[in-house]
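Taking it in order: structure first as structure tokens, then the write-up.
The values are calculated or read from the model by the stated rules, or taken from the named source; none is laboratory data. On a predicted model such as this, the values are computed, not experimentally measured, just so you know. Cβ coordinates were reconstructed from backbone atoms using ideal geometry, including for glycine residues, and neighbour counts include every protein chain displayed. With ligands, DNA and RNA removed, areas are computed over all heavy atoms of the protein, side chains included. Shrake-Rupley method; radii C 1.70, N 1.55, O 1.52, S 1.80 Å.
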Amino acid sequence: MKNKKLPLSVKIFAGLLIGVILGLISVEGGILDSTIFTGNAGSALNLLKEYIKPIGDIFLNLLKFVVVPIVLLSIITGIISLSDIKKVWSIGIKTILFYLCTTFVALVIGTIIATIFKKGFVILDTTGAEYQAKEAQNFIKVIADMFPTNIVAPLLNASMLQVIVIALFVGFAIIIAGEKAQPFANLVESANAVFIEVMDMIIHFSPIGIICLISPVIAENGPKIIGSLALVIGIAYVGYALHMLITYSIMVAGIAKVDPVKFFRGIAPAMVMAFSSASSVGTLPLNIDCTKKLGGRKDIVSFVLPLGATINMDGTAIYQAVCTVFIATCYGVNLSMSQILTVIVTATIASIGTAGVPGAGVVMLAMVLQAVGLPVDGIALVLGVDRIFDMGRTVVNITGDSACALCVSALETKK
Ligand code: ASP
């Protein structure tokens, strides 16, 4: 009975803690193997993979299922409630400017700290490192692909940028059509209310979902984080932490007038979710919830956050900067100033094109490496521990979205 009164955020933290402990004791050859499984190294890990991970997958599947209707309906509802196309533009432009500026700052932080610490990178042997780069992405293609050729495929394939474009067109059209569109607007608003309830039900399972998502990851990756890679991971995490503590604190305190301590406390459940799921899109429902509770305006949050989960990836940008410097060092290349600028520009574009799903950032790292003429095979050096980078960068990604949403809310309300 008492348990029921615990706030969800506390349960989410407990989930993380239990998941981490379960993962740590299940590492290959660890406590569980040597006691319960009496010397059968790997048994505990297999058990986690076979029985616990699928439960985490169910949770992640449910989040993915709810995210397309939530993004579509909440953006349309957001636009309808702003009821003025000029207002939507003004919010849209502010949002994109915020997103671009914070990503730029993230890249500067990432590049500076990686350059400072690069002497500590033990040069890894690059022979045998092979990575099959996916189809090369370029900026024009990312933009062209944003525009759907039909209305169903983007929803079926969860192509978030296309879903956002559909939502923008429909939202604007409802405002322009006025009276005649009222029944359709009512339908969208009612469907939005229904899916918010569905989302709430799913979010209530997050503590269990988090235990099941995080424990196999810790058990599997724990032993890999040793040596030179530990330093690169450590540097990326220092970058993540600095960007959140400096950039976001200044933004929320200076523009949104929210106490940074209150901000981080309020957003913490979403951060835990992002850390466990490594998916910005999967974290979107909880992030919307937390950001509204922090005082974000409902209409703005439902417009700014879905956009951010798709295009604003400050953590991914930091990771790309750190890994590029690391890979360059391993290949004995000293990046010139113009190469560093190229990294900053391409990583900004790459982070926009990165989908908010686990592992997407690695694909885009290939684009950055190609732009500065580094061998794409270098990705193989960091691929094995990508999940560890990913958990941290997703936390930064979603925290940045929330900070921007609060700032845009404050600016629009002041107006
Ligand atoms: N997993 C990240 C996210 O969902 C994207 C990435 O791989 O960098 O935000």
Practice task
Find all pairs meeting these conditions: Cβ atoms under 8 angstrom apart; at least six residues apart or on different chains; first residue within region 16-41 and more than 19 Å from C212 (Cα to Cα); second residue buried (at least 20 other Cβ atoms within 10 Å of the Cβ) and of a type in the set (D, E).
Solution key: G39/D33; N40/D33; A41/D33
Fill in the blank from the handout: Those residues of region 356-367 which are open to solvent by less than 20 Å² (accessible area, probe 1.4 Å) and away from the ligand (no atom under 12 Å from the Cβ) amount to A366
Problem - Residue in region 380-390 that is touching a residue at least 12 places away in the same chain (Cβ under 8 Å), in a loop (DSSP other than H, G, I, E, B) and over 30 Å from I214 (Cα atoms) present - result: no
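Has region 23-39 got at least one residue that is within 24 Å of the chain's Cα centre (by Cα) and not basic (K, R)? Spell out the reasoning first.
Step one: of region 23-39, the residues within 24 Å of the chain's Cα centre (by Cα) are 23.
Imposing the further condition that a residue be not basic (K, R) reduces the set to 23.
Scanning region 23-39, I find at least one residue that is within 24 Å of the chain's Cα centre (by Cα) and not basic (K, R), so the answer is yes.
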Completion exercise
Being in contact with a Lys or Arg (Cβ under 8 Å, 6 or more places away or on another chain), within 13 Å of the ligand (Cβ to nearest atom) and touching a residue at least 24 places away in the same chain (Cβ under 8 Å) narrows G353, G308, G282 down to just G282
Practice task
With respect to P269, determine if the residue is within 15 Å of the ligand (Cβ to nearest atom) and buried (at least 24 other Cβ atoms within 10 Å of the Cβ).
Solution key: no
Practice task
Any chance you could count how many residues in region 6-42 are assigned to a helix (DSSP H, G or I), of a type in the set (G, A, S) and buried (at least 17 other Cβ atoms within 10 Å of the Cβ)?
Solution key: 4
Handout entry: Residue in region 292-303 that is touching a residue at least 40 places away in the same chain (Cβ under 8 Å), near the ligand (Cβ under 9 Å from one of its atoms) and assigned to a helix (DSSP H, G or I) present
Key = no
Handout entry: Yes/no for L341 being hydrophobic (A, V, I, L, M, F, W, C) and either more than 22 Å from the chain's Cα centre (by Cα) or open to solvent by 30 Å² or more (accessible area, probe 1.4 Å) (or both)
Key = yes
Problem - Extreme residue, farthest from the ligand (Cβ to nearest atom), among residues of region 368-379 that are not aliphatic (A, V, I, L, M) and not in a helix (DSSP H, G or I) - result: G373
Exercise for the section: Determine whether region 65-84 contains at least one residue that is at pLDDT 85 or above, over 24 Å from the mean Cα position of the chain (by Cα) and open to solvent by 50 Å² or more (accessible area, probe 1.4 Å). Expected result: no
Exercise for the section: Filter region 311-349 for residues that are out of contact with any Lys or Arg (no Cβ under 6 Å at 6 or more places or on another chain) and within 13 Å of the ligand (Cβ to nearest atom) and give the result. Expected result: I311, N312, M313, D314, A317, I318, Q320, A321, V322, C323, A347
Problem - Residue check, S280 within 24 Å of F13 (Cβ to Cβ), hydroxyl-bearing (S, T, Y) and surrounded by fewer than 21 Cβ atoms within 10 Å (Cβ to Cβ) - result: no
Problem - Conditions (1) within 12 Å of the ligand (Cβ to nearest atom); (2) farther than 30 Å from V261 by Cα; (3) surrounded by fewer than 23 Cβ atoms within 10 Å (Cβ to Cβ): number failed by R387 - result: (2)
